[in-house]
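Below: one structure, written as C-alpha cells.
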Amino acid sequence: MYKTIVRPIFFLFDPEKIHHFTFSLIKLLSKIPFISLIFRNLYMVKDKRLERKLFGITFKNPVGLAAGFDKNAVLYNELADFGFGFIEIGTVTPKGQLGNPKKRLFRLKNDQGIINRMGFNNEGIAPAIAQLKKNKGKVIIGGNIGKNTATKPQNYTKDYCEVFTALHPYVDYFVLNVSCPNVGSHAKLNDKTYLIELISACQGLNAKEAIQKPILLKIAPDLNDNQLDEIIELVKETNIAGVIASNTSIHREGLKVSKERLDAIGNGGLSGQPIKHRSTKVIQYLADNSNKAFPIIGVGGIHSAKDALEKINAGADLVQVYTGFIYEGPSLIKKINKTILKQT
C-alpha cells in the first residue's frame, strides 16, 4: 500500500515539507489507542536470533535508522514501533541553527536517490535533551553529533565536546559526524591528526563518566584506499568503538537524471541506490584490510533485504536505512529482518 498509494501522494509535494507532515501524521496516529500496537504487529520481528552484541550493547535486531531523519529526537519513540533495532538521532550541534537556505532537499526518483544540503539544521542541545527525557526505553538510541557551521576551526573540538557531555546521560552510543559534505570547512575534519585530537578529547570526557558510552566515527564513501588505510590506523591508535560507512557522496557518476537537472539542484550529498556499491566497497575494504578488527555499521543505498545482506556479507555488523525507508516504506525493516533469519 505504501508504494502504490502513500508514496505517490507524498512525492507530489516538496520533500522537506512532506517530511514534517509525515512526522505530524505519525505523532497523531500514535496517540490513537491501539495504533502503536497495530504498527508493532505489522512491522516488528521478534526473534533472539536477530540480536547483535556490539561494543557492550545488545541490539534487538541489526536494522537501524540512520541519523538525519529524526534530527531533534522528536519521533524516536513512535518510529521504534516500525521494528528498528536502533535509531540514531541528530546531527545535534551545540546551538540550534537553520542550516542552508531552502530548497535543499531533492528527490532523484528514477535513480531512487536523494540529494541534500541541509547543513546540520537542528534545534540544538537543550531541545534534544528535553525530547530524550521522554524516552520510553523501546529502542537503542545513538547520538550523532557535530559542530555549528559558524564555529571557527580552532573551536571544532569544543563544539563536539559540548554536545558529547550534554547528551551523555541520554544516549546509548555516540557518532562523531566528520563526513557531512554540507557544513563547510570540511578539510580539517578529514585530517587524521585532527581526528586523533577530536577522538581523544571525547574519550577523555567519556572516561570521567561512571558509565562509558561507545564512540563511533562516520566516514564518507568517497575516501580513496590510502585514506581508508588511515581510518584503519586511526581506529587502531585511538581504540574507537567502530566505524559507520558511509555518509552521503559528492560524486554524481552513473545517474539517470539529466545534467541540466543536476546543475539546477547544485551541490549536496547524494544518498540512496546510487551510492550502494560505493558504500559496500568501503565496508569490504575496511573489513578485509583490518582483518575485521572493529565493528562496522553499513549504510548507503539499502532499499531491499538483498541490499542489506550485501552490506552484511561485505563486513557490516549492523545496517542503517534512510533513503530506502523513504522510498520503500516501513515494511523494509521487516523484510530485512525476515531475510536475515532465513540465513541463520
Among the aspartates and glutamates, which fall within straight-line cross-link reach of K158, defined as a Cα-Cα distance under 20 Å, with same-chain neighbours fewer than 8 residues apart omitted? E123, D191, E197, E209
For V175, V139, which order do you get if you count the other beta carbons within 10 Å of each Cβ and list the fewest first? V139, V175
Phi angles of the range 17-27, converted by Karplus (6.51 cos²θ - 1.76 cosθ + 1.60, θ = phi - 60°) into ³J(HN,Hα) in whole Hz with x for Gly and Pro, give 5, 5, 4, 5, 4, 4, 4, 4, 5, 5, 4
Residue-wise HN-Hα coupling along the range 264-281, computed from phi with Karplus coefficients 6.51, -1.76, 1.60 (Hz; x: Gly, Pro): 5, 5, x, 6, x, x, 8, 10, x, 3, x, 10, 4, 5, 4, 5, 5, 4
Loop only per DSSP, at most 14 neighbouring Cβ atoms within 10 Å: give me the trypsin sites (Lys or Arg not before Pro) in the range 263-310, ordered by residue number. K292
Out of the range 1-95, which trypsin sites (Lys or Arg not before Pro) are coil in DSSP terms and have no more than 14 other C-beta atoms within 10 Å? K31, K46
At what distance in nm do the modelled label points of K134 and K259 sit from each other, each positioned 7 Å from its Cα along Cα→Cβ? 4.9
Which of F10, G146, N190, positive extreme of dipole for the chain (C-beta unit charges): F10
Top mean-square fluctuation among I129, I18, I326, Gaussian network model of the chain, C-alpha springs under 10 Å? I18
Starting from one equal scatterer on each C-alpha and no solvent at all, send me the Debye-based log10 I(q)/I(0) for the range 237-344 at q = 0.10, 0.15, 0.19 Å⁻¹, two decimals. -0.32, -0.67, -0.96
Roughly how many debye, to the nearest 20, is the charge dipole of the chain about its Cα centre, given +1 on each Lys and Arg Cβ, -1 on each Asp and Glu Cβ, and no other charges? 1140
Largest to smallest principal axis extent of the C-alpha atoms in the range 21-171, angstrom: 48, 40, 31
The local net charge around S331, scoring Lys/Arg +1 and Asp/Glu -1 for residues other than S331 whose Cβ lies under 12 Å from its Cβ, equals +4
Mean-position separation - Cα centroids, the range 303-344 and the range 86-141, in angstrom: 22
Only Lys, Arg (+1) and Asp, Glu (-1) charged, at Cβ; the range 83-152 dipole about Cα centre in debye: 200
About its Cα centre, the range 66-190 carries a charge dipole, from +1 on Lys and Arg Cβ atoms and -1 on Asp and Glu Cβ atoms, whose size in debye to the nearest 20 is 460
Taking H placed 1.01 Å from N in the peptide plane, check which residues at least 5 places from L223 or on another chain put their amide H under 5 Å from its amide H. none
Could you list T91, T323, T58, T22 so that the one with the fewest beta carbons within 10 Å of its beta carbon is first and the one with the most is last? T58, T22, T91, T323
Rounded to whole Hz and in sequence order, give me ³J(HN,Hα) for the range 89-99 from the Karplus expression 6.51 cos²θ - 1.76 cosθ + 1.60, θ = phi - 60°, writing x for Gly and Pro. 8, x, 6, 9, 10, x, 9, x, 8, 6, x
Please return the longest range in the chain lying between exposed loop sites, taking GluC sites (Glu not before Pro), DSSP loop only, at most 13 other beta-carbon atoms within 10 Å, and leaving the sites out. 52-208
In whole angstrom, how far apart do the alpha carbon centroids of the range 224-268 and the range 1-74 sit? 25
How much net charge surrounds G143 when only other residues with a Cβ under 11 Å from its Cβ are counted (Lys, Arg +1; Asp, Glu -1)? -1
Of all trypsin sites (Lys or Arg not before Pro) in the range 126-163, the ones in DSSP coil with at most 11 other Cβ atoms within 10 Å are K133, K134, K136
Within-12-Å neighbourhood charge of K109 [Cβ basis; K, R +1; D, E -1]: +3
Can you report the principal axis dimensions of the chain using only the alpha carbons, biggest first, rounded to whole angstrom? 50, 50, 40
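Where a number appears in this text, it was derived from the coordinates with a stated rule and is not lab data. In this text the structure is predicted, and so the values were computed from the model without any measurement. With ideal geometry, Cβ positions are generated from the backbone for all residues, glycine too; neighbour counts draw on all protein chains shown.
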